[in-house]
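Read through the structure below, which is laid out as structure tokens, and then see the notes.
The values are calculated or read from the model by the stated rules, or taken from the named source; none is laboratory data. All values derive from a computational prediction rather than experimental measurement. All Cβ positions, glycine included, derive from the backbone under ideal geometry; neighbour counts span all protein chains shown.
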Protein chains: 2
Amino acid sequence: MENIRELFQVMTRRFGLLNKNCCSAGGCDISLIQSHILYEIDHQHKPSMQQIADPLGTDITTFSRQVQSLVKMNLVKKTPDPDDRRFSILSLTTEGKFIATTIDQQMNAFLNEVFSHMNEFEKETVIRSIKLLNNAMAKSNVCCGTISG
Amino acid sequence: MENIRELFQVMTRRFGLLNKNCCSAGGCDISLIQSHILYEIDHQHKPSMQQIADPLGTDITTFSRQVQSLVKMNLVKKTPDPDDRRFSILSLTTEGKFIATTIDQQMNAFLNEVFSHMNEFEKETVIRSIKLLNNAMAKSNVCCGTISG
DNA sequence: TTTTAATACTTGCAAAATACAAGTAAAGGG
DNA sequence: CCCTTTACTTGTATTTTGCAAGTATTAAAA
């Protein structure tokens, strides 16, 4: 049997490069980490700083400064939580939302192009498999504990 | 239909964190990029600098310095190609090979743990799907051109 | 054969990313 | 009212990064 890790390594590296390319294409020009931050803010409900920093695996101090630059670029807004003002609630500005959406569309376009090399059955199988995988990883306690989805 | 990118994003982020953890566990303590470099050298036949830098998506100058530190750490060896001395052929030292193998085993152990949350049929389906995906990505010309596997 | 161009890689430098330690500010006990 | 905890920010020093410009080697052209 082949090395399972190898399959994953190839797949995730390709997807990582895809992600990297999509940051600096079509109107947006942000770094990969910044793209990840926008994505994560967009997908969580009224997230705090730590709630975004955790799944990205970056130190909170590094994250704090990254958010500062995104705020300066007018892509992210930081609002103190009225219930507990220690928390900063992160949200996307209109411009930030636009960039996040643009990247998302680009990524999906690329992925659809990839899926165009398969038949419909294969495509369905692959998508179902990734869901299975995500569920299994969520159940696993040995790794990747803090990532939702 | 759900957002395909979202499925990929969750999966690859988890795998990325896994990769990150495995670098600095069980005897080895190297950075994520260094781990990727060791992996890539281990999987290519007499690779040159550029041949490793390309699939990792890092600038050749950054890569050059990373290799320098790996050579200093006695994990990588750099040999001038006798046929064309502009090329440096990269190889793992015994110690480098050991670390690469250790990381590989750890990754596979983690992945097997993940697969333990599925039945045999699901596992087979998932593995087949990832192969399908890798083949489709290899065929795609819009992205990730330089990655072998 | 000399010159020119191309390739593979390396260094200079300046900017960005990173993380530890130490700080501030707010909330919750005791 | 103090003391602790939590959420986040700044000080500082190190590391990483990549463009520009360099060296060294090969290939091609004059």
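Among the residues of the range B:45-64, the ones that are more than 9 Å from DNA strand C (Cβ to nearest atom) and either assigned to a helix (DSSP H, G or I) or exposed (fewer than 15 other Cβ atoms within 10 Å of the Cβ) (or both) come to 5 in all. Of the residues contained in the range B:98-108, one or more are found to be more than 14 Å from chain A (Cβ to nearest Cβ) and either β-branched (Val, Ile, Thr) or out of contact with any helix residue (DSSP H, G or I) (no Cβ under 6 Å at 6 or more places or on another chain) (or both). Selection within the range B:65-90: residues that are under 14 Å from B:Ser35 (Cα atoms) and in contact with a strand residue (DSSP E or B) (Cβ under 8 Å, 6 or more places away or on another chain). The member of this set that is farthest from DNA strand C (Cβ to nearest atom) is B:Leu75. Scanning the range B:27-58 for residues that are more than 15 Å from the chain's Cα centre (by Cα) and modelled with pLDDT under 95 returns B:Gly27, B:Cys28, B:Asp29.
Rundown of residues vs (1) of a type in the set (A, V, I, L, M); (2) free of Cβ contacts under 8 Å to residues at least 24 places away in the same chain, yes/no style:
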site: B:Val76; (1), (2): yes, no
site: B:Ile99; (1), (2): yes, no
site: B:Ala109; (1), (2): yes, yes
site: B:His117; (1), (2): no, yes
site: B:Ile127; (1), (2): yes, yes
site: B:Leu132; (1), (2): yes, yes
site: B:Ala138; (1), (2): yes, yes
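Could we say that A:Lys46 is within 14 Å of another protein chain (Cβ to nearest Cβ), basic (Lys, Arg) and over 18 Å from B:Leu18 (Cβ atoms) here? It is false that A:Lys46 is within 14 Å of another protein chain (Cβ to nearest Cβ), basic (Lys, Arg) and over 18 Å from B:Leu18 (Cβ atoms).
Suppose we filter the range B:102-116 for residues that are under 19 Å from B:Leu75 (Cα atoms) and surrounded by 15 or more Cβ atoms within 10 Å (Cβ to Cβ); how many remain?
Residues that pass the stated criteria total 4.
Of all residues in the range A:1-41, those that are touching a residue at least 60 places away in the same chain (Cβ under 8 Å) and of a type outside the set (Gly, Ala, Ser) total 8. Condition test on B:Asn112, is it on the phi > 0 side of the Ramachandran plot and either over 14 Å from the mean Cα position of the chain (by Cα) or among the acidic types (Asp, Glu) (or both)? Answer is no for this residue.
Is one or more of the residues making up the range A:45-57 away from DNA strand D (no atom under 12 Å from the Cβ) and either in contact with a strand residue (DSSP E or B) (Cβ under 7 Å, 6 or more places away or on another chain) or farther than 28 Å from B:Asn112 by Cα (or both)? Yes. Scanning the range B:119-145 for residues that are at pLDDT 90 or above and farther than 19 Å from A:Glu6 by Cβ yields B:Asn119, B:Glu120, B:Phe121, B:Glu122.
Given the criterion more than 10 Å from chain A (Cβ to nearest Cβ), part of a helix (DSSP H, G or I) and not polar (S, T, N, Q), identify the matching residue among B:Leu70, B:Leu17.
Answer to the check: B:Leu70.
Of all residues in the range B:65-82, those being touching a helix residue (DSSP H, G or I) at 6+ places or on another chain (Cβ under 9 Å) and within 24 Å of B:Gly16 (Cβ to Cβ) number 7. Among the residues of the range A:72-89, the one identified as near DNA strand D (Cβ under 7 Å from one of its atoms), surrounded by 10 or more Cβ atoms within 10 Å (Cβ to Cβ) and basic (Lys, Arg) is A:Lys78.
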